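Peer 1: Before anything else, here's the structure in question.
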Amino acid sequence: MNVLILLGHPDTGSLNHALAQAVRDDLRAAGHDVVFHDLYAERFDPLLGSAEIPERGQVPPAIQAHCDELCAADGIVVVHPNWWGQPPAILTGWIDRVVRPGRAYRFEEGDGGEGVPVGLLRARAAVVLNTSNTEKEREQTAFGDPLEAIWRRCIFDLCGVRVFHRRTFGVVVTSTEAERLAWIEEAKALCRKAFGPARPASST
Ligand SMILES: Cc1cc2nc3c(=O)[nH]c(=O)nc-3n(C[C@H](O)[C@H](O)[C@H](O)COP(=O)(O)O)c2cc1C
């Protein structure tokens, strides 16, 4: 499978980096073709300009390349911390620029853009790995876990990716090294299970 991994975290020593790298290496070891983007290391420009907004707008080649990778992905992994109930801005900028009309979703004939879009992504599963410093119950009761709605409903379901897994690891700030190592193993197992074998078993 072609698996696209996106990492949005500035600190190379962070748990987020450890999670993303472990999942990348493990999926490659399992035979998957992995495209890996460390958005901060690549200095991804998150600013969507006005000329780029229309479906047939002027899209720079670097962004077209991101769109092509997204559309070619059979599986998608997103790794980022919870920052104010949102992904870091570099990642929301990637969504703004790369999850484009005409590539990731489209509106039906005669729909001026107010209706329900049709998802165009071919990916059969998406996995979102988050980290946070808030207890799970408080995240749900006090904040409504906005990252769940953003990724599951606003992005992946809308774009046609119906199989969705999300795991939030935490509380990070008080975690032990043993807990963090266990989380990394859990992330690897979750992604292996979500995407299955790299190639379907031969019937002969
Ligand atoms: C700008 C910023 C905003 C944050 N907002 C939240 C938040 O809303 N909820 C939360 O639980 N943690 C929040 N945190 C804490 C991070 O989620 C936490 O530091 C991170 O998940 C730890 O993983 P790491 O070691 O990979 O950075 C925030 C951290 C930063 C820097």
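The values are calculated or read from the model by the stated rules, or taken from the named source; none is laboratory data. Everything quoted here is computed from the prediction, not taken from an experiment. When we count neighbours, we look across all protein chains shown, and the Cβ atoms used for this are built from the backbone with ideal geometry, even at glycine. Quick note on the areas: whole protein, heavy atoms, side chains included, nothing else; ligands and nucleic acids left out. Shrake-Rupley method; radii C 1.70, N 1.55, O 1.52, S 1.80 Å.
Peer 1: What do the square roots of 5 times the Cα gyration tensor eigenvalues come to for segment 1-102, in whole Å, largest first, as semi-axes of the equivalent ellipsoid?
Peer 2: Ellipsoid semi-axes (Å, largest first): 24, 18, 10.
Peer 1: Where does the chain land at 222 nm, in deg cm²/dmol rounded to the nearest 500, when only DSSP H runs of n ≥ 4 count, each adding -39500 (n - 2.57), divided by all residues? Each step should come with its number before you reach the end.
Peer 2: Details: 4 runs with 56 residues, N = 204.
Dividing the helical sum by the residues of the chain leaves -9000 deg cm²/dmol.
Peer 1: From the C-alpha gyration tensor of the chain, pull out the three semi-axes of the equivalent ellipsoid (sqrt of 5λ each), sorted largest to smallest, in whole Å.
Peer 2: 27, 21, 17
Peer 1: Quick one: Debye curve from the C-alpha atoms of segment 109-187, no solvent, what's log10 I(q)/I(0) at q = 0.10, 0.19 Å⁻¹?
Peer 2: -0.35, -0.89
Peer 1: Give the carbon-plus-sulfur fraction of the accessible surface of the chain in %, rounded to a whole number; probe 1.4 Å, heavy atoms of protein chains only.
Peer 2: Percent of accessible area from carbon and sulfur atoms in the chain: 52.
Peer 1: Only Lys, Arg, Asp and Glu count, each charged at its Cβ (+1, +1, -1, -1), so figure out the dipole size of segment 148-204 about its Cα centre, rounded to 20 debye.
Peer 2: Here segment 148-204 has a charge dipole of around 300 debye.
Peer 1: Of the beta bridges DSSP finds with both residues in the chain, what % are antiparallel, to the nearest 5? Don't skip to the end; give the middle numbers.
Peer 2: Numbers: 3 of 28 bridges.
Given both bridge residues lie in the chain, the antiparallel proportion sits at roughly 10 percent.
Peer 1: Mind checking the per residue accessible area of segment 29-178 for me, 1.4 Å probe, whole number of Å²?
Peer 2: Working: 8020 Å² over 150 residues.
Ligands and nucleic acids excluded, the figure is 53 Å² per residue.
Peer 1: Given a cut-off of under 8 Å on Cα pairs at least six residues apart, what relative contact order in percent is computed for the chain?
Peer 2: Worked out over the chain, it gives 25 percent.
Peer 1: A further question on this structure: Membrane-span-like helices in the chain: DSSP H runs reaching 18 Å or more (Cα, own axis), mean Kyte hydropathy at least -1.0?
Peer 2: 15-29, 177-195
Peer 1: If you don't mind, there's one more thing I want to ask. For labels at Glu114 and Ala65 in the simple 7 Å Cα→Cβ model, what's the distance in nm?
Peer 2: Label-label distance for Glu114 and Ala65, simple model: 4.1 nm.
Peer 1: Let me ask something additional. Per-residue accessible area for Asp96 at 1.4 Å probe radius, Å² rounded to 10?
Peer 2: Counting only protein heavy atoms, Asp96 exposes about 80 Å² to solvent.
Peer 1: Can I ask one more? Please work out how much accessible surface Glu114 shows to a 1.4 Å probe, ignoring ligands, DNA and RNA, in Å² rounded to 10.
Peer 2: 150
Peer 1: Can you give the three extents of the C-alpha atoms in segment 91-138 along their principal axes, from longest to shortest, in whole Å?
Peer 2: Principal extents (Cα only, largest first): 46, 22, 22 Å.
Peer 1: Now a separate question. Based on alpha-carbon centroids, what's the gap between segment 30-59 and segment 153-204 in Å, whole number please?
Peer 2: The distance from the Cα centre of segment 30-59 to that of segment 153-204 comes to 22 Å.
Peer 1: Something else about it: State the answer as a single residue: which of Val116, Val99, Val78 lies farthest towards the positive end of the charge dipole of segment 61-118, with beta carbon charges of +1 for Lys and Arg and -1 for Asp and Glu, about the Cα centre.
Peer 2: In segment 61-118, that residue is Val78.
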